[in-house]
1. Tell me the angle of helix 32-43 to the major Cα principal axis of the chain, expressed in degrees between 0 and 90 and rounded to the nearest ten.
2. Can you pull the percent of segment 26-154's accessible area that's carbon plus sulfur, 1.4 Å probe, other chains left in place?
3. Would you mind getting the accessible area per residue of the chain, heavy atoms of the protein chains only, 1.4 Å probe, in Å²?
4. By per-residue mean of other Cβ atoms within 10 Å, what is the highest-first order of 80-90, 44-54, 141-151?
5. Rank-order 110-118, 24-32 by packing density, defined as the average count of other C-beta atoms within 10 Å over each peptide's residues, highest first.
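The values are calculated or read from the model by the stated rules, or taken from the named source; none is laboratory data. Note that the coordinates shown come from a computational prediction; the quantities given were computed from them, not determined experimentally. Quick reminder, even Gly has a Cβ in these numbers, built from the backbone with ideal geometry, and neighbours come from all protein chains shown. When the accessible area is computed, the model is the full protein with side chains, heavy atoms only, and any ligands, DNA or RNA have been set aside. Shrake-Rupley method; radii C 1.70, N 1.55, O 1.52, S 1.80 Å.
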Amino acid sequence: MRDELLIAVLAAGASQRLGQPKQLVDVGGEPLFRRQCRVAIESRVAPVAVICGCQADSCIAEIADLPVAIRRNGLWREGLASSIREATRAAIEKNADALLILHGDQYRVTAEDLQTMHAAWALSGPSVACRSRHADYAGPPVILPAALFAQLSQ
């Protein structure tokens, strides 16, 4: 049984409420976007693709030395759905069994969290979707199986 993922770090938004690019906010001495990519890489559960949009050139400059696939979302103004579509295309191109979506602003997520999530998903079977859960929170990061890729592409 295969259990191959693609991790997609979504960071294409304009951060309008914040008033500055959220992706470039300093968290612990590094830009948030770089931190999220580093955490995804350090989890070692899957290859990592990053979805950039607003401020793409600045974001890409921050991660140029990291082993990630960079995807530009030209439709980022449409919102999160356009980034999910781009991430899904990347997963399809990689022939992944599932897509792990990590939002670019979830700075409390650790590599260990992603490893735990991957292990739970692998035990559940590759056709199952998994979402994170902590106290009253249930949501991203999520793992979405390939069976949903057609719907996610829309």
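1. In the chain, helix 32-43 runs at an angle near 30 degrees to the longest axis.
2. Values: 3440 of 6700 Å².
Within segment 26-154, the accessible surface is 51 percent carbon and sulfur.
3. Values: 8130 Å² over 154 residues.
Averaged over the residues of the chain, the accessible area is 53 Å².
4. Numbers: 80-90: 19.9, 44-54: 22.7, 141-151: 17.3.
Packing proxy ranking, top to bottom: 44-54, 80-90, 141-151.
5. On the way: 110-118: 16.9, 24-32: 13.9.
Most protected by this proxy first, the peptides run 110-118, 24-32.
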